[in-house]
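Enquirer: One structure, pasted below without further comment.
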Amino acid sequence: MKQLKILFFFIIFQVSAQQGGMWIPSLLEGMNETEMHDLGSKMTAKDIWDVNNSSLKDAVIHFNGGCTGEIISNKALILTNHHCGYGAIQSHSSVEHDYLKDGFWAMNQDEELANPGMHVTFIKRIDDVSNLIFKGVTQSMSVTEKQSKIDQNIDLVKKNTQKEDWQEVMIKSMYDGNQYYLFITENYKDIRLVGAPPSSIGKFGSDTDNWMWPRHSGDFSLFRIYADKNNRPAEYSPDNVPFKPEHFLPVSVDGVEENDFTLVFGFPGRTSEYLPAVAIDQIVHKINPAKIEIRDEALKIVDKYMRADEKIKIQYASKFASIANYWKKWIGENQGLERSNAIDKKRKLEDEFQEKVAGNTEYNSLLNSFNQLYNEFEDVALARAYWTEVVYRNIELLNATVKLYQFEYAVKKNPAKFDKEREALINRFKGFYKNYNPKVDQEVFEKLMGLYIEKIPAEYLSGDLKNINVHKLTTQIYSTSKMTSFNGMRSMLEGNREKVFKKINADSGYQLGKVLTEDFYQKINPQYYDINLQISAIQKKYMKALMETFPDMRFFPDANGTLRVTYGQVKGYFPKDGIYYKPVSHLKGVMEKYKPGDYEFDVSQKLIDLYEKKDYGTYGSNARMPVNFLGTNHTTGGNSGSPVIDAYGNLIGLNFDRVWEGTMSDYNYDPEICRNIMVDVRYILFIIDKYAGDKRLIDEMKLVHPKKK
């Protein structure tokens, strides 16, 4: 392990001039720092990460577990994406007070809205604990034994880690399990909505423009962290006060130009840059097409109802956006992987790898093992994709049956939990049914169950469902099941334990859902994880082998939801031969796309008036109002809301998307076409100031002019 750690340290700092990579911020000193300077940065590694002093890390937060946010004032004002705050904005909305449609702006702290369940997380320390985690792990152990020992060591390290009472410990693996890092975190739970533009700004272009360039979206929202009187994490209380941050980001109003340095700091969710060719081939030709087809059918149905009914539009706005996001991403991902010849490139690398390790008995059978395991994996992976997309994600009634199944299983395992589990379930269903329409769900059910029965590998389809009439099944369930309304669901959950389970199991919707869920838990998932565990063991060894076999190649740890830094420059790109996309879009493009009354491209009269008068305040440039810009930063899901930081440590933008041609960067980053898309901070300031008139927020920020030094 000592030799392996030295090797990792060496490779991490063997950074070429090529951009790309998601780097651990505590390990930037050395070649990463040099490369940042070559790209134009004026910061030191300690300006970005310093355990003992205030640094950029103290202004960056994990926002509600799935996005990133940043602190932009000494009163803990948070900036993140509109789509990251969308659920909260929706939860405060109604037909009478539609904050999605009209926007929301708190003109004082008393008007800021609490969001139960929302939280933000700071990373206070990162330590390499690989030696402790691998202690006692030997080569003679089986894969299961090794993992069991690693899990025991993780629990022991967590238990023995010194921290403050309000802090938590998280341990994550890097390089496919070859290295482990410990993270000390602080979790704040009183987060209040401060401001959000209307969806006509925050979601401008919606699904049509999603993953596309040029973009013209003001994809931002504002929240605030509250703490107790000691500045510690606390549940919501009217007595809480704004958190006092160790660092907040000054906001540059100087704008961006091509080749300007950009640093994106955030919590990228998941990448898989080092998978073998056989895995990518399976994703491109089997898994993605199945998921795309399912979501395509669901989206067409939901879209039809949303366009016809304002109430349904509000109910399904957040769900539709969530479904559409990855549907479109998978389409672009497949196209990008094929266009960049990712599979062929990996095969060429593997041919070279196989030649180099021909005499190495530890490594020379790795690729054969991959081929064998992925062949075994294909059907169960496809079955899991169908179950997840149909049963769990897109048919809401069946999603509710999964919750009931889990409730029934938990109570049978521990009957004393009945009352507590039931109360928690009822509370979950209150929110669930607020945004549920059985008419919409019934049509989705009939279409997707037809696909499920027809296309899931036969061995994973219960005999009860073979040769069934899907239309009759749909009509029966949605006309008899009590699961189509909250009152019906609640009535099933009333009574003692015996009565509740008797009523649940007599329900037609639950009867089907239980069959499907048992298929998953008893057949699909066990086989999936059994083969996946074997694949992971080979992947771990393959990662180690790649790094040893190609010591001059650049390797960075795959994203896994932990804090990372990616740096690059403002740059356009060539999407196709003869076409060049400039790196900055402007408000003029909003007006060019404007379609009165269209839910994606409508524009408010106020924004039109500001545009026609060129009333941009101090935020416009050359009589134009910049909106979005492109960079070469390597980002993925989870980087939504990440701060875009200039060469001096100031905020210049807000990351929110990638270009469609480059969505394959989760598997194959290509610096020629992979671009992240950011909201220009000047557009954010313009909307807050000139559009919303919320000048108290502008006054709260520290506006700077670094280019005028």
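Enquirer: Sort out for me the Cα centre separation of segment 471-529 from segment 304-331, rounded to whole Å.
Expert: 25 Å
Enquirer: Would you order 582, 189 from fewest to most other beta-carbon atoms within 10 Å of each residue's own beta-carbon?
Expert: 582, 189
Enquirer: Could you list 533, 587 so that the one with the fewest beta carbons within 10 Å of its beta carbon is first and the one with the most is last?
Expert: Least to most surrounded, the residues fall as 533, 587.
Enquirer: Once Kirkwood radius over Cα pairs in Å is worked out from the coordinates, which option in (i) 25.9; (ii) 27.1; (iii) 30.6 does it equal?
Expert: Matching entry in (i) 25.9; (ii) 27.1; (iii) 30.6: (ii).
Enquirer: I've got another one for you. Can you pull the one-decimal nm distance between simple spin-label points at residue 236 and residue 307, each 7 Å off the Cα toward Cβ?
Expert: So the two model labels end up 3.7 nm from each other.
Enquirer: A further question follows. How much length would be gained if the chain were fully extended between residue 257 and residue 102, taking 0.36 nm per residue of separation minus their Cα-Cα distance, in nm to one decimal?
Expert: Here the segment from residue 257 to residue 102 would lengthen by 52.5 nm.
Enquirer: So which cysteines of the chain have no other cysteine's Cβ under 4.7 Å from theirs?
Expert: 674
Enquirer: How much length would be gained if the chain were fully extended between residue 577 and residue 208, taking 0.36 nm per residue of separation minus their Cα-Cα distance, in nm to one decimal?
Expert: Working: separation 369, 0.36 × 369 = 132.84 nm, distance 2.30 nm.
Going from the current span to full extension adds 130.5 nm.
Enquirer: With θ set to phi - 60° and the Karplus curve 6.51 cos²θ - 1.76 cosθ + 1.60, what are the ³J(HN,Hα) couplings of segment 458-463 in order, to the nearest whole Hz, using x for Gly and Pro?
Expert: Once rounded to whole Hz, the list reads 3, 5, 9, 9, 4, x.
Enquirer: Evaluate E = 1/(1 + (r/R0)^6) for residue 494 and residue 160, where r is the Cβ-Cβ distance and R0 equals 51 Å; express this FRET efficiency to the nearest 0.05.
Expert: E(calc), rounded to 0.05, equals 0.60.
Enquirer: Related question: Rounded, prolate or oblate for segment 494-621? Axes are the square roots of the Cα gyration tensor eigenvalues, ordered a ≥ b ≥ c, and the cut-off for rounded is a/c under 1.5.
Expert: Verdict is oblate for segment 494-621.
Enquirer: What does the C-alpha gyration tensor say about the overall shape of segment 597-664? Classify as rounded when a/c is under 1.5, otherwise prolate if a/b is larger than b/c, or oblate. Spell out each step's value before the answer.
Expert: Working: a/c = 2.69, a/b = 1.41, b/c = 1.91.
Here segment 597-664 falls in the oblate category.
Enquirer: Report the gain in length on full extension from residue 672 to residue 372: 0.36 nm times residue separation, minus Cα-Cα distance, nm rounded to one decimal.
Expert: Details: separation 300, 0.36 × 300 = 108.00 nm, distance 3.38 nm.
Roughly 104.6 nm would be gained on extension.
Enquirer: Next up: Mind giving me the nanometre distance, one decimal, between the label points for residue 355 and residue 54, set 7 Å out from Cα along Cα→Cβ?
Expert: Distance between the two pseudo-spin positions: 5.6 nm.
Enquirer: Can you list the aspartates and glutamates whose alpha carbon is less than 12 Å from that of residue 541, not counting same-chain residues fewer than 8 positions off?
Expert: 176, 362
Enquirer: Counting only C-alpha contacts under 8 Å and six or more residues apart, can you give the relative contact order of the chain as a whole percent?
Expert: Details: 1275 pairs, mean separation 172.9, N = 709.
The value is 24 percent.
Enquirer: Moving on to the next point. For every other residue with a beta carbon closer than 13 angstrom to the beta carbon of residue 35, add +1 if it is Lys or Arg and -1 if Asp or Glu, then tell me the sum.
Expert: -2
Enquirer: Would you mind classifying segment 347-397 by shape? Square roots of the alpha carbon gyration tensor eigenvalues, ordered a ≥ b ≥ c; an a/c under 1.5 is rounded, otherwise it is prolate if a/b is larger than b/c and oblate if not.
Expert: Verdict is prolate for segment 347-397.
Enquirer: Let me ask another. Mind listing the phi-derived Karplus ³J(HN,Hα) values for segment 648-657, rounded to whole Hz, using 6.51, -1.76 and 1.60 with θ = phi - 60°, and x for any glycine or proline?
Expert: Result, ordered by residue: 10, x, 9, 6, 10, x, 9, 5, 9, 6 Hz.
Enquirer: Right, another one. Add +1 for every Lys or Arg and -1 for every Asp or Glu among the other residues with Cβ under 15 Å from the Cβ of residue 237, and state the total. Kindly include the intermediate steps, with their values, before the conclusion.
Expert: Details: positive: 189, 192, 224, 229, 232; negative: 110, 112, 190, 228, 235, 239.
Charge balance near residue 237 sits at -1.
Enquirer: Grab the other residues whose beta carbon is less than 14 angstrom from that of residue 267, score K and R as +1, D and E as -1, and report the net.
Expert: Details: positive: 57, 172, 270, 564; negative: 70, 558.
Residues close to residue 267 contribute a combined charge of +2.
Enquirer: Once the Cβ-Cβ distance between residue 147 and residue 392 is put in as r, and R0 is 25 Å, what FRET efficiency do you end up with, to the nearest 0.05?
Expert: 0.45
Enquirer: What distance in nm separates the two pseudo spin-label positions at residue 609 and residue 530, each 7 Å out from Cα along the beta-carbon direction?
Expert: In this crude spin-label approximation the distance works out to 6.8 nm.
Enquirer: Where the centroid of each part is defined by its Cα atoms, how far is segment 410-433 from segment 95-123 in Å?
Expert: 28 Å
Enquirer: Return the subset of 328/523; 172/328; 163/413; 430/502; 466/499; 311/482 for which the Cα-Cα distance in this structure is over 26 Å, preserving the input order.
Expert: The pairs that break the limit, which is 26 Å between Cα atoms, are 328/523; 172/328; 163/413; 466/499.
Enquirer: Could you list 504, 133 so that the one with the fewest beta carbons within 10 Å of its beta carbon is first and the one with the most is last?
Expert: 504, 133
Enquirer: Also, I was wondering about something else. Pop the C-beta distance of residue 554 and residue 588 into the FRET formula with R0 = 45 Å and round what comes out to the nearest 0.05.
Expert: Efficiency computed from Cβ-Cβ geometry: 0.70.
Each reported figure results from applying straightforward, stated rules to the coordinates on display, with no laboratory input. As the structure is a prediction and not an experimental result, all values here were calculated from the model. Reconstructed Cβ throughout: ideal geometry from the backbone, glycine too, with neighbour counts over all protein chains shown.
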